[in-house]
Amino acid sequence: MQIVDLRQLTSRQLDPLLAEEAEQWSHDLRWDYRASIELIKKFVDARSLTGSAVIEDGRPVGYAFYVLEEYKGLVGGLFVSPRSAQQEFSQRLLRDTLTTLGGIPKLERVEAQLIPFGYSLEPVLSEYGFRLYTRQFMLAALPVTNGAQPLDVLPGLLREGPGEGLILDRWDHRYFEPCARLIQLAYANHVDGEINDQYRSESGALRFLKNIIILPGCGQFQPEASFVLRPPHANYLAGVVLNSCVSPGVGHTTQICAMPGYQGRGLGRRLMDASLQALKARRYSAVTLTVTSTNENAVRLYEKLGFTTIKKFAAGVWTAYRV
């Protein structure tokens, strides 16, 4: 077994390993990971994906890569074949990645939010001084209706129930900037703002939105099942829910939040009801999401809506100074 620089390999050499990874995402999480795999191959062949790979008997059996963003490092991916010594190799790869990141001057922060398949990464993250936050990957089945097609959501003024007096509207790109402001305010002093520092600024939240709406990392964005709540004649949003398609018939809620002052008034339930109804109307059979375990109100809401936890994983954050 040896560890090599990922830039020494081609996508053809990694093909069997990446196919195994795609199969694990599909089997465990109902997620079609092939679009992300194609992006990884593109960067590998351009020799621009920084990371390392485990070679055993002449073939790659594991790989990890990282991305640098100004002062921050992101452990972007790590996978080890189930046909190999997964625990040993995954920890070797993670140590190699974190040691490399630790040697980069002026790096102030490292984030690692990796979903492991058959191995644990928490011991190594703890060893390197990461704060760990348990995350839950949840799934809900959407019941198939016999006979009539489920009714689609009709946007408009809400006249009763949670969000009364607000306008429910489908996503439109004109909402990019007000949604970024909403995310920054919604996650101030929130655990998810500790995990993802893009939430802490309007510019960072805008980058996050463009990543989940324009790029394929979180599936194919579905504007027909994504909604905002806004006061009439106002230039801000009270709440938002965004959804993507991650495999045929399976949706994924990539973001849901409400403006401070509107929180605790049932807007989250109203937004989730709208998005689930829109997905049902388009014949989706299931929807997934991730949530931080300490966000107990959100976990309870999702459980009431029929979500169950199918996998737990750790989000890790290292900073050069403790906050």
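The values are calculated or read from the model by the stated rules, or taken from the named source; none is laboratory data. These numbers come from a predicted model, not from an experiment. All Cβ positions, even for glycine, are placed from backbone atoms using ideal geometry, and neighbour counts span all protein chains on display. All accessible areas refer to the heavy atoms of the entire protein, side chains included, with ligands and DNA or RNA removed. Shrake-Rupley method; radii C 1.70, N 1.55, O 1.52, S 1.80 Å.
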Residue that is nearest to ALA64 (Cα to Cα) [pool: residues in the range 75-100 that are open to solvent by less than 30 Å² (accessible area, probe 1.4 Å), out of contact with any Phe, Trp or Tyr (no Cβ under 6 Å at 6 or more places or on another chain) and not polar (S, T, N, Q)]
LEU78
Would you check which residues across the range 177-205 are closer than 18 Å to VAL241 by Cα, part of a helix (DSSP H, G or I) and open to solvent by 40 Å² or more (accessible area, probe 1.4 Å) and list them?
GLU177, ARG181, GLN184, LEU185, GLU202
Filter the range 270-323 down to the residues that are touching a Pro at 6+ places or on another chain (Cβ under 7 Å) and among the charged types (D, E, K, R) and list them by number.
ARG270, LYS280
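For the range 110-139, enumerate the residues that are more than 16 Å from GLN87 (Cα to Cα) and either β-branched (Val, Ile, Thr) or not in a strand (DSSP E or B) (or both). Before you say what the answer is, go through the steps one by one.
At the first step, the residues of the range 110-139 found to be more than 16 Å from GLN87 (Cα to Cα) are 110-113, 128-139.
Across the range 110-139, the qualifying residues are VAL110, TYR128, GLY129, PHE130, THR134.
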Has the range 116-139 got at least one residue that is touching a helix residue (DSSP H, G or I) at 6+ places or on another chain (Cβ under 7 Å), open to solvent by 20 Å² or more (accessible area, probe 1.4 Å), farther than 29 Å from GLN198 by Cα and not aliphatic (A, V, I, L, M)?
yes
Tell me which of these ALA315 doesn't satisfy, since it passes every other one: (1) open to solvent by 30 Å² or more (accessible area, probe 1.4 Å); (2) touching a helix residue (DSSP H, G or I) at 6+ places or on another chain (Cβ under 8 Å); (3) in a strand (DSSP E or B).
(1)
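Yes or no, residue by residue, for (1) open to solvent by 60 Å² or more (accessible area, probe 1.4 Å); (2) part of a loop (DSSP other than H, G, I, E, B):
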| position | (1), (2) |
| --- | --- |
| ARG265 | yes, yes |
| ARG270 | yes, no |
| ALA278 | no, no |
| TYR284 | no, yes |
| THR294 | yes, yes |
| ALA298 | no, no |
| LEU301 | no, no |
Tally the residues that are without any contact (Cβ under 8 Å) to a residue 12 or more places away in the chain and assigned to a loop (DSSP other than H, G, I, E, B), restricting the search to the range 67-80.
1
Let me confirm something: among GLY58, GLY77, GLY62, which residue is under 21 Å from ILE195 (Cβ atoms) and not aromatic (Phe, Trp, Tyr)?
GLY77
All positions within the range 146-176 that are in a loop (DSSP other than H, G, I, E, B), open to solvent by less than 60 Å² (accessible area, probe 1.4 Å) and within 30 Å of LEU29 (Cα to Cα)
PRO150, VAL153, TRP171
Of all residues in the range 24-66, which are open to solvent by less than 60 Å² (accessible area, probe 1.4 Å), within 30 Å of THR308 (Cβ to Cβ) and assigned to a loop (DSSP other than H, G, I, E, B)?
TRP31, ASP32, TYR33
